[in-house]
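Reading through the structure tokens given below for one structure.
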Amino acid sequence: MSTDNRYFYEPSKGHGLPHNPLNAIIGPRPIGWISSRNAQGQRNLAPYSFFNCFNYDPPIIGFASVGWKDSVANIVETGEFVWNLTTRNLAVQMNQTSAALPHGTDEFEFAGLTPIAGNIVKADLIAQSPVSFECKLSQCIQLTAANGDKIDSWLVLGEVVAVHIDKHLLSAEGIYQTALADPVFRAGGPSAYYGIAEELRFDLHRPTV
């Protein structure tokens, strides 16, 4: 196959484009809107675009932090965190919590969000978010390059020990309605986000052999 119509680069040598395409290609991505507390009870709230779900039973979710940030430090210190769903009407407030605020600033207060206590963990849920997962830390892994060099990035994995879902997002049959929640996803570039709509849905069933 001809490669004349393909742009090629080696990441270690730079991409040569106006903006790194990696996180535009791997996208859109769910947002890890992570709330935590440190051992002294001080709240922290921050969004992470390197986020996903990795296991069913037990349910494991995780996010990656470039740098040892407050979220990672708090979670390692306390062993707990909460993931909150970002919806379209919360997108601006989610973005506000990404600001580089002075250490000790309460992002809940800064973004005008209401904290509510978890049932199991001490980290707070966002009252305005329609879905939240209370999580216990299962692993915190420092990432490494292919040559074994350690990278200043940390993968935080947590077991979901409690789930909160606004009832209006469940159908009469009890099926969660993904599009109804109006979730927001991160795309590439400095500012791109996307949503989803029910009319974009299509269904595929796993083939039987």
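Every number here is computed from the coordinates shown, using simple stated rules; none is lab data. Worth saying up front: this structure is predicted, and the values here are computed from it rather than measured. Backbone-built Cβ (ideal geometry, glycine too); neighbour counts: all protein chains shown.
Numbers below:
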quantity	calculated
Looking only at segment 196-209, and only at residues there that are part of a loop (DSSP other than H, G, I, E, B) and in contact (Cβ under 8 Å) with a residue 12 or more places away in the chain, the one that is farthest from A73 (Cα to Cα)	R201
Residue in segment 75-85 that is touching an Asp or Glu at 6+ places or on another chain (Cβ under 8 Å), surrounded by fewer than 17 Cβ atoms within 10 Å (Cβ to Cβ) and either touching a residue at least 24 places away in the same chain (Cβ under 8 Å) or of a type in the set (F, W, Y) (or both) present	no
Segment 170-195 residues that are without any contact (Cβ under 8 Å) to a residue 40 or more places away in the chain and surrounded by 11 or more Cβ atoms within 10 Å (Cβ to Cβ), paired with ones that are in a loop (DSSP other than H, G, I, E, B) and among the β-branched types (V, I, T) (beta carbon under 6 Å, 6 or more apart)	A179/I196
Segment 89-110, residues that are exposed (fewer than 14 other Cβ atoms within 10 Å of the Cβ) and charged (D, E, K, R)	E109
Tally, over segment 124-144, of residues that are assigned to a loop (DSSP other than H, G, I, E, B) and more than 18 Å from S49 (Cβ to Cβ)	3
Top-ranked residue of segment 45-90 - restricted to ones that are over 19 Å from F133 (Cβ atoms) and aliphatic (A, V, I, L, M), ranked as farthest from the chain's Cα centre (by Cα)	A73
Unmet requirement for N89, which otherwise passes all of (1) touching a helix residue (DSSP H, G or I) at 6+ places or on another chain (Cβ under 9 Å); (2) in a helix (DSSP H, G or I); (3) among the polar types (S, T, N, Q)	(1)
Within segment 96-123, tally of residues that are in contact (Cβ under 8 Å) with a residue 40 or more places away in the chain and part of a loop (DSSP other than H, G, I, E, B)	11
Where G41 falls short, out of the listed (1) surrounded by fewer than 17 Cβ atoms within 10 Å (Cβ to Cβ); (2) over 20 Å from T114 (Cα atoms)	(2)
Every residue from segment 145-157 that is charged (D, E, K, R), free of Cβ contacts under 8 Å to residues at least 40 places away in the same chain and either part of a strand (DSSP E or B) or at positive phi (or both)	K150
Output for segment 35-74, where each listed residue is closer than 18 Å to A162 by Cβ and without any contact (Cβ under 8 Å) to a residue 24 or more places away in the chain	C53, N55, Y56, D57
Residue tally, condition more than 26 Å from N95 (Cα to Cα) and of a type in the set (A, V, I, L, M), over segment 166-209	5
Residue that is nearest to Q177 (Cα to Cα), among those in segment 112-129 that are surrounded by 20 or more Cβ atoms within 10 Å (Cβ to Cβ) and either under 13 Å from the mean Cα position of the chain (by Cα) or not acidic (D, E) (or both)	S129
